[in-house]
Ligand code: SF4
């Protein structure tokens, strides 16, 4: 097979393997898993496709991040638990935010068995503030599944298919774990990789379509070397995070700029192409701060499924949902009431209304005109803090009512709840009014 002459037009540093005084550098050919894919499918030539990885790996060697606490590429005994934990944390969250959370998790749960054996409340408290709480539930469930697999087979899953069976692990995360956590062959195609390769390949198809996803996976597989796919995965993550940025990518420093189609066209911002989304609905709810005579506040544990699954929150009272300028539903409409409120919230809401109790807005109209906004994937949630002060008979009554319905509740002063319950960020925003 003829060896391609891979060239990069940047000077990437002073590594001993690099020609530092030259405008161009050449790299050795490396092997690819390209048997099943026709090269006619891609916008680049065979040589350009083969030269992608060597240039990226060379750049990573000299300019990539090599000191992230979860990286396993410099060890001969990689730990898949560490890679799995970090990959789940890094979904939708930036490296700088994840680092302190990751370190605290590793201190408290140094092994997958420690995480599996931990109480959910402890895991939730460690996760609090990282957002997308379904990930934390999947992590806890996944730890139990992994321990089961280890008890049966003596080891972590060793294949991509095996990892995909673990709760919360998709195709790209499984590829990353096998490549980086087991030093096997794995391909990744997450958001960062998609941005880099759609720009490089000039792929102008809508990335929300499954046909485009297939194209990008095929391209990522074609570009991934069979050797060192873990280093390549880390290099691509670094490329997306430090060079091929969402806005103002640093193309001058990019090792693949000589044949990047977006760069040649001056259309970096055009890629990746994503069909415009419909505007998100907005939902308005009261956040009830129900206080007993001991100045303790009522906290409910949310159902496992749905938003903030399994976490402790204030009771919410659904008010209305708005799409554009139209009101889609209100609390007066039965179906809206039933779908928007948990069973516990329905019980509290009915009790308040049956007893003609009145909740009070916390501060002189501030929150009436400017409620707390919490943005979620599918809607913006506006929360309005309201207080309801109970006498001891009322607090005993609502406690008994909720316990009879098997709802997990706890009465705790605000400071203690903040310190021990692992409250979601939106609840902390609501409580800021008491700081
Ligand atoms: S040249 Fe620019 S747009 Fe193209 S891959 Fe590199 S950083 Fe991204």
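The values are calculated or read from the model by the stated rules, or taken from the named source; none is laboratory data. These numbers come from a predicted model, not from an experiment. Quick reminder, even Gly has a Cβ in these numbers, built from the backbone with ideal geometry, and neighbours come from all protein chains shown.
Collect the residues in the range 304-325 that are more than 25 Å from residue 391 (Cα to Cα) and in contact (Cβ under 8 Å) with a residue 40 or more places away in the chain, keeping them in residue-number order. If you could, list the steps in order and put the result at the bottom.
The first filter runs over the range 304-325 and keeps only residues more than 25 Å from residue 391 (Cα to Cα), leaving 304-311, 319-325.
Residues satisfying the conditions are 304, 307, 308, 309, 310, 311, 319, 321, 322, 323, 324.
Identify all residues within the range 268-289 that are at pLDDT 95 or above and more than 25 Å from residue 377 (Cα to Cα); write none if there are none.
268
Assuming residue 293 fulfils every condition listed in (1) surrounded by 17 or more Cβ atoms within 10 Å (Cβ to Cβ); (2) away from the ligand (no atom under 16 Å from the Cβ) apart from one, which condition is it?
(1)
Look through 372, 362, 352, 348 and report the one residue that is closer than 17 Å to residue 292 by Cα and at pLDDT below 85. Give the steps one after another, and end with the answer.
Numbers: 372 fails: closer than 17 Å to residue 292 by Cα; 352 fails: at pLDDT below 85; 348 fails: at pLDDT below 85.
Residue meeting the stated conditions: 362.
So residue 269 fits all but one of (1) exposed (fewer than 13 other Cβ atoms within 10 Å of the Cβ); (2) in a loop (DSSP other than H, G, I, E, B); what number is the exception?
Every condition holds for residue 269 apart from (2).
For the range 223-257, what are the residues that are within 11 Å of the ligand (Cβ to nearest atom), within 20 Å of the chain's Cα centre (by Cα) and part of a helix (DSSP H, G or I)? Spell out how you get there, then give the answer.
Residues of the range 223-257 that are within 11 Å of the ligand (Cβ to nearest atom), as a first pass: 236, 239-240, 242-246, 248-257.
Going one step further and asking which of them are within 20 Å of the chain's Cα centre (by Cα), we end up with 236, 239-240, 242, 244-246.
Scanning the range 223-257 gives 236, 239, 240, 242.
Just to check your reading of the model, which residue among 143, 211, 136 is modelled with pLDDT under 95 and crowded, with 20+ Cβ neighbours inside 10 Å?
Working: 143 fails: modelled with pLDDT under 95; 211 fails: crowded, with 20+ Cβ neighbours inside 10 Å.
From the options 143, 211, 136, the qualifying one is 136.
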